[in-house]
Amino acid sequence: ILLLLLVISRCTLVHDSATGGWDLYDEHCQQLVLHAKGAAAWYNKGEAEKAQEELDAATAAFYRAVEVAPGEPQAYIDMATFMLNIHRFNASLDYWRHALDLVQGDVYWRQVVEHRIKYTTYGYCSHQRDQAYRQGKGDYA
(Lines give C-alpha, C1' and ligand atoms only; values in the text may rest on other atoms or scores of the structure.)
Protein backbone atom coordinates (compact mmCIF):
# COMPACT_ATOMS: atom_id res chain seq x y z
CA ILE A 1 0.00 0.00 0.00
CA LEU A 2 1.33 3.34 -1.04
CA LEU A 3 1.33 5.87 1.76
CA LEU A 4 0.58 9.32 0.46
CA LEU A 5 1.49 12.11 2.79
CA LEU A 6 -0.23 15.36 2.13
CA VAL A 7 1.91 18.15 3.44
CA ILE A 8 -0.22 21.20 3.68
CA SER A 9 1.41 24.56 3.76
CA ARG A 10 -1.35 26.76 5.06
CA CYS A 11 -0.30 30.31 4.38
CA THR A 12 -2.11 33.56 4.71
CA LEU A 13 -0.51 35.67 2.02
CA VAL A 14 -3.51 37.97 1.85
CA HIS A 15 -6.44 37.71 4.19
CA ASP A 16 -9.16 40.23 4.81
CA SER A 17 -11.57 38.90 7.43
CA ALA A 18 -13.89 41.85 6.80
CA THR A 19 -15.05 40.24 3.56
CA GLY A 20 -16.92 36.98 3.35
CA GLY A 21 -15.12 36.12 0.11
CA TRP A 22 -11.98 35.14 1.98
CA ASP A 23 -13.93 32.87 4.30
CA LEU A 24 -15.44 31.18 1.26
CA TYR A 25 -12.01 30.89 -0.39
CA ASP A 26 -10.54 29.35 2.75
CA GLU A 27 -13.48 26.93 2.97
CA HIS A 28 -12.90 25.77 -0.61
CA CYS A 29 -9.18 25.31 0.09
CA GLN A 30 -10.01 23.31 3.21
CA GLN A 31 -12.39 21.14 1.18
CA LEU A 32 -9.65 20.58 -1.38
CA VAL A 33 -7.31 19.35 1.37
CA LEU A 34 -10.03 17.22 2.99
CA HIS A 35 -10.81 15.46 -0.28
CA ALA A 36 -7.12 15.06 -1.11
CA LYS A 37 -6.62 13.29 2.22
CA GLY A 38 -9.70 11.19 1.50
CA ALA A 39 -8.30 10.18 -1.89
CA ALA A 40 -5.06 9.07 -0.25
CA ALA A 41 -6.92 7.07 2.40
CA TRP A 42 -9.11 5.28 -0.15
CA TYR A 43 -6.16 4.62 -2.42
CA ASN A 44 -4.21 3.10 0.47
CA LYS A 45 -7.18 0.79 1.16
CA GLY A 46 -7.17 -0.34 -2.47
CA GLU A 47 -10.44 1.44 -3.27
CA ALA A 48 -9.54 3.07 -6.59
CA GLU A 49 -13.10 4.11 -7.48
CA LYS A 50 -13.66 5.88 -4.16
CA ALA A 51 -10.19 7.44 -4.42
CA GLN A 52 -11.11 8.82 -7.85
CA GLU A 53 -14.34 10.28 -6.45
CA GLU A 54 -12.32 12.11 -3.79
CA LEU A 55 -9.81 13.28 -6.40
CA ASP A 56 -12.68 14.66 -8.47
CA ALA A 57 -14.12 16.40 -5.40
CA ALA A 58 -10.71 17.92 -4.60
CA THR A 59 -10.43 19.19 -8.16
CA ALA A 60 -13.92 20.70 -7.99
CA ALA A 61 -13.03 22.45 -4.72
CA PHE A 62 -9.91 23.84 -6.38
CA TYR A 63 -11.93 25.33 -9.23
CA ARG A 64 -14.46 26.82 -6.78
CA ALA A 65 -11.61 28.44 -4.82
CA VAL A 66 -10.05 29.89 -7.96
CA GLU A 67 -13.42 31.23 -9.04
CA VAL A 68 -13.76 33.09 -5.72
CA ALA A 69 -10.21 34.47 -5.66
CA PRO A 70 -8.31 33.90 -8.92
CA GLY A 71 -5.31 35.94 -7.78
CA GLU A 72 -4.66 33.94 -4.61
CA PRO A 73 -1.98 31.23 -4.59
CA GLN A 74 -3.17 28.93 -1.79
CA ALA A 75 -5.45 26.74 -3.91
CA TYR A 76 -2.65 26.31 -6.45
CA ILE A 77 -0.17 25.42 -3.69
CA ASP A 78 -2.58 22.88 -2.19
CA MET A 79 -3.36 21.32 -5.58
CA ALA A 80 0.32 21.21 -6.57
CA THR A 81 1.12 19.41 -3.32
CA PHE A 82 -1.71 16.94 -3.86
CA MET A 83 -0.65 16.20 -7.45
CA LEU A 84 2.96 15.73 -6.30
CA ASN A 85 1.88 13.27 -3.63
CA ILE A 86 -0.02 11.14 -6.14
CA HIS A 87 2.90 11.27 -8.60
CA ARG A 88 1.16 13.40 -11.20
CA PHE A 89 4.32 15.38 -11.65
CA ASN A 90 3.43 17.30 -14.82
CA ALA A 91 0.15 18.51 -13.34
CA SER A 92 1.94 19.40 -10.12
CA LEU A 93 4.51 21.46 -12.02
CA ASP A 94 1.72 23.33 -13.81
CA TYR A 95 0.11 24.25 -10.48
CA TRP A 96 3.48 25.22 -8.94
CA ARG A 97 4.31 27.46 -11.90
CA HIS A 98 0.97 29.21 -11.66
CA ALA A 99 1.48 29.67 -7.91
CA LEU A 100 4.91 31.14 -8.65
CA ASP A 101 3.31 33.78 -10.86
CA LEU A 102 0.98 34.68 -7.99
CA VAL A 103 3.66 35.01 -5.27
CA GLN A 104 6.22 37.10 -7.15
CA GLY A 105 5.82 40.01 -4.73
CA ASP A 106 6.56 37.88 -1.66
CA VAL A 107 10.23 36.87 -1.40
CA TYR A 108 9.67 34.10 1.15
CA TRP A 109 6.84 32.38 -0.74
CA ARG A 110 8.59 32.83 -4.07
CA GLN A 111 11.58 30.92 -2.65
CA VAL A 112 9.32 28.23 -1.19
CA VAL A 113 7.52 27.69 -4.50
CA GLU A 114 10.78 27.75 -6.49
CA HIS A 115 12.14 25.05 -4.17
CA ARG A 116 8.99 22.96 -4.62
CA ILE A 117 9.34 23.24 -8.40
CA LYS A 118 12.88 21.85 -8.13
CA TYR A 119 11.71 19.13 -5.72
CA THR A 120 8.87 18.12 -8.03
CA THR A 121 11.17 18.04 -11.04
CA TYR A 122 13.59 15.84 -9.08
CA GLY A 123 10.69 13.56 -8.11
CA TYR A 124 9.67 13.26 -11.76
CA CYS A 125 13.23 12.39 -12.84
CA SER A 126 13.58 9.87 -10.00
CA HIS A 127 10.29 8.25 -10.94
CA GLN A 128 11.36 8.02 -14.58
CA ARG A 129 14.68 6.47 -13.54
CA ASP A 130 12.89 3.91 -11.38
CA GLN A 131 10.62 3.01 -14.28
CA ALA A 132 13.64 2.54 -16.55
CA TYR A 133 15.25 0.22 -14.02
CA ARG A 134 12.06 -1.75 -13.40
CA GLN A 135 11.41 -0.39 -9.94
CA GLY A 136 15.03 -0.77 -8.86
CA LYS A 137 15.61 -4.30 -10.17
CA GLY A 138 18.46 -3.00 -12.29
CA ASP A 139 17.59 -4.16 -15.78
CA TYR A 140 16.18 -2.36 -18.77
CA ALA A 141 14.40 -5.37 -20.32
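The values are calculated or read from the model by the stated rules, or taken from the named source; none is laboratory data. Small disclaimer: the values here were computed from a predicted structure and weren't measured. Note: ideal-geometry Cβ built from the backbone for every residue, glycine included; neighbour counts use all protein chains shown.
Yes/no per residue for (1) surrounded by fewer than 18 Cβ atoms within 10 Å (Cβ to Cβ); (2) under 22 Å from ALA40 (Cβ atoms); (3) more than 12 Å from the chain's Cα centre (by Cα); (4) not aromatic (Phe, Trp, Tyr):
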| position | (1), (2), (3), (4) |
| --- | --- |
| PHE62 | no, yes, no, no |
| ASN90 | yes, yes, no, yes |
| LEU93 | no, yes, no, yes |
| TRP96 | no, yes, no, no |
| ARG110 | yes, no, yes, yes |
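Just one of (1) in contact with a Phe, Trp or Tyr (Cβ under 8 Å, 6 or more places away or on another chain); (2) more than 17 Å from HIS115 (Cβ to Cβ); (3) modelled with pLDDT under 95 fails for CYS11. It is (2). Determine, yes or no, whether THR121 is hydroxyl-bearing (Ser, Thr, Tyr), within 14 Å of HIS35 (Cα to Cα) and surrounded by 13 or more Cβ atoms within 10 Å (Cβ to Cβ). It is false that THR121 is hydroxyl-bearing (Ser, Thr, Tyr), within 14 Å of HIS35 (Cα to Cα) and surrounded by 13 or more Cβ atoms within 10 Å (Cβ to Cβ).
Can we say TYR76 is hydroxyl-bearing (Ser, Thr, Tyr), touching a residue at least 40 places away in the same chain (Cβ under 8 Å), out of contact with any strand residue (DSSP E or B) (no Cβ under 6 Å at 6 or more places or on another chain) and closer than 17 Å to TYR95 by Cβ?
Working: hydroxyl-bearing (Ser, Thr, Tyr): yes; touching a residue at least 40 places away in the same chain (Cβ under 8 Å): no; out of contact with any strand residue (DSSP E or B) (no Cβ under 6 Å at 6 or more places or on another chain): yes; closer than 17 Å to TYR95 by Cβ: yes.
The answer is no for TYR76.
Pairing each residue of the stretch 20-41 that is over 12 Å from THR59 (Cα atoms) with any residue that is at pLDDT below 95 and loosely packed, with under 15 Cβ neighbours inside 10 Å, provided the two are 6+ apart or on different chains, yields C-beta distances under 7 Å for TRP22/HIS15; TRP22/ASP16. Pairs are defined by a Cβ separation below 7 Å, a sequence spacing of at least 6 or placement on different chains, a first member in the stretch 113-141 that is over 27 Å from HIS98 (Cβ atoms), and a second member that is modelled with pLDDT of 80 or more and among the charged types (D, E, K, R); the pairs so defined are GLY136/ASP130.
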